[in-house]
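One structure below.
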Amino acid sequence: MPNFQAILNTIYNDTVKATDKGNVATYIPELAHIDKNNFGMHLKTIDGKVYGIGNYNTKFSIQSISKVLALSKAMSLIGNDIWKRVDVEPSGHPFNQLALLEINDGIPRNPLINAGAIVIADILVSNLENPKADFLNYVRELTGDQSIQFNEKVAHSERETGFRNFAAANLLKSFKNLNNPVDEVLDFYFHQCAIEMTCSQLSKSFFFLANKGKCVLNKTRLTKTQAKRINAIMLTCGFYDEAGEFAFEVGLPGKSGVGGGIVALLPDHFVITTWAPGLNKKGNSKLGMFALEQFTTKTNLSIF
Ligand code: GLN
């Protein structure tokens with residue numbers, strides 16, 4: 001076994017030195033004042049060992065990382081019926097792009113771009129009794145941590161400025177691929193994105209995807225096949241028009257969010273989470289990607 005703590009320490013020292021840390025997302029005003037000098041990294045191995053460095057216990061906005069947890073909840077509720085309403089092809093385009101939606105008759109390319117995640121949100125609104133509370137509870141149960149909350153200010157801030165998401169939802173509605181009112185679905189979507197978690201909580205919450213569907217509390221959340229499928233979607237679609245670059249540099253299924261978080265995993269081995277709020281031009285954490293590339297290179301642990 002590599003000396004994981006020593007490797008994290010080295011990566012930390014090399015990462016915090018970087019002069020170009022990218023830029024924090026400003027299109028959601030509430031995220032604009034986060035300090036881009038934050039950097040945290042947390043590793044949880046399949047045998048339950050944990051390692052951390054930097055700000056790995058600081059809460060941040062998980063944003064699009066929530067799309068993976070929403071997809072897994074939808075899969076556990078309606079199984080393969082999901083694929084009648086959303087495809088599984090990489091988009092090669094930014095997370096908020098709308099053009100392909102129109103070409104594909106209202107079927108989003110995959111569940112991890114915004115249009116696809118809004119369809120998944122619609123499925124959850126239709127199938128959960130108290131959608132927001134039930135979803136938050138699902139995330140808490142996956143993590144084994146009842147303290148996880150929405151940040152209402154972030155949800156509100158995105159609602160005020162989320163013109164493109166309103167456009168996507170209205171387009172989906174016009175193609176009859178949204179069953180609930182636009183406002184209701186987006187209220188759910190903005191809240192799922194506004195969940196706040198730490199790196200260590202995120203590593204726990206994604207553990208079931210590295211562990212053939214069984215979560216940290218040893219409860220079966222998905223079948224082995226469903227977990228495999230979500231990992232495949234993360235590998236091909238988790239970084240939008242940078243999915244190829246992430247596979248090339250890092251070589252793990254993973255998901256980023258504009259709050260600066262990235263969760264990546266190696267099935268049957270580990271989950272690793274980074275947080276560095278400065279983003280690159282494609283909206284993915286600049287130093288998070290660098291740190292993960294260093295991790296898989298130094299440990300020689302990747303799916304390739
Ligand atoms: N809530 C953000 C949005 O819909 C999520 C984007 C992201 O994290 N890539 O724009």
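The values are calculated or read from the model by the stated rules, or taken from the named source; none is laboratory data. Keep in mind it's a predicted model, so treat the numbers as computed, not measured. For neighbour counting, all protein chains shown are included, and Cβ atoms are generated from backbone atoms with ideal geometry for every residue, glycine included.
Please determine whether any residue of region 111-131 is surrounded by fewer than 17 Cβ atoms within 10 Å (Cβ to Cβ), without any contact (Cβ under 8 Å) to a residue 40 or more places away in the chain, more than 20 Å from Gly254 (Cβ to Cβ) and among the small types (Gly, Ala, Ser).
no
Give the residues of region 167-204 that are outside any loop (DSSP other than H, G, I, E, B) and under 30 Å from Ile53 (Cβ atoms), sorted by residue number.
Gln192, Cys193, Ile195, Glu196, Met197, Cys199, Ser200, Gln201, Leu202, Ser203, Lys204
Out of everything in region 86-132 that is within 15 Å of the ligand (Cβ to nearest atom) and of a type in the set (Gly, Ala, Ser), what residue ends up being nearest to Ile65 (Cα to Cα)?
Ala117
Please give the number of the condition Arg221 fails out of (1) away from the ligand (no atom under 13 Å from the Cβ); (2) surrounded by fewer than 20 Cβ atoms within 10 Å (Cβ to Cβ); (3) more than 15 Å from the chain's Cα centre (by Cα); (4) more than 16 Å from Leu301 (Cα to Cα).
(2)
Any idea which of Thr273, Thr220, Thr296 is touching a His at 6+ places or on another chain (Cβ under 8 Å), at pLDDT 95 or above and within 21 Å of Lys44 (Cβ to Cβ)?
Step by step, each of Thr273, Thr220, Thr296 is checked, and only Thr273 is touching a His at 6+ places or on another chain (Cβ under 8 Å), at pLDDT 95 or above and within 21 Å of Lys44 (Cβ to Cβ).
Looking at region 53-85, which of its residues are within 16 Å of the ligand (Cβ to nearest atom) and either in contact with a Gly (Cβ under 9 Å, 6 or more places away or on another chain) or among the small types (Gly, Ala, Ser) (or both)?
Matches in region 53-85: Phe60, Ser61, Ile62, Gln63, Ser64, Ile65, Ser66, Lys67, Val68, Ala70, Leu71.
Suppose we keep only residues that are touching a Ser or Thr at 6+ places or on another chain (Cβ under 9 Å) and surrounded by fewer than 20 Cβ atoms within 10 Å (Cβ to Cβ) within region 91-110. Which one would you say is nearest to Lys173 (Cα to Cα)?
My answer is Gly106.
Check Gly251, Gly213, Gly244, Gly238 and return the single one that is more than 16 Å from the chain's Cα centre (by Cα) and closer than 20 Å to Ile123 by Cβ.
Gly213
I'd like to know if region 242-265 contains one or more residues that are acidic (Asp, Glu) and in contact (Cβ under 8 Å) with a residue 60 or more places away in the chain.
For region 242-265, residues acidic (Asp, Glu) and in contact (Cβ under 8 Å) with a residue 60 or more places away in the chain: absent.
Could you please tell me which pairs satisfy a Cβ distance under 9 Å, a separation of 6+ or placement on different chains, a first residue in region 1-13 that is within 14 Å of Gly288 (Cα to Cα), and a second residue that is hydrophobic (A, V, I, L, M, F, W, C) and not in a helix (DSSP H, G or I)?
Listed pairs, sorted by first residue: Leu8/Met41; Leu8/Leu43; Leu8/Ile53; Ile11/Met41; Ile11/Ile53; Tyr12/Phe39; Tyr12/Met41; Tyr12/Ile53.
Can you name the residue in region 244-298 that is among the acidic types (Asp, Glu) and assigned to a helix (DSSP H, G or I) and, of all such residues, is nearest to the ligand (Cβ to nearest atom)?
Among residues in region 244-298 that are among the acidic types (Asp, Glu) and assigned to a helix (DSSP H, G or I), the one nearest to the ligand (Cβ to nearest atom) is Glu245.
In region 13-27, which residue that is surrounded by 19 or more Cβ atoms within 10 Å (Cβ to Cβ) and closer than 13 Å to Trp275 by Cβ is nearest to the chain's Cα centre (by Cα)?
Of everything passing the filter in region 13-27, Val24 is nearest to the chain's Cα centre (by Cα).
Given (1) over 15 Å from Leu186 (Cα atoms); (2) small (Gly, Ala, Ser); (3) in contact (Cβ under 8 Å) with a residue 40 or more places away in the chain, where does Ala70 come up short, assuming only one miss?
With (1) over 15 Å from Leu186 (Cα atoms); (2) small (Gly, Ala, Ser); (3) in contact (Cβ under 8 Å) with a residue 40 or more places away in the chain applied to Ala70, the lone miss is (1).
Taking the conditions exactly as written (away from the ligand (no atom under 16 Å from the Cβ) and either over 20 Å from Thr45 (Cβ atoms) or modelled with pLDDT under 95 (or both)), does Arg229 satisfy them or not?
So Arg229 fits the description; yes.
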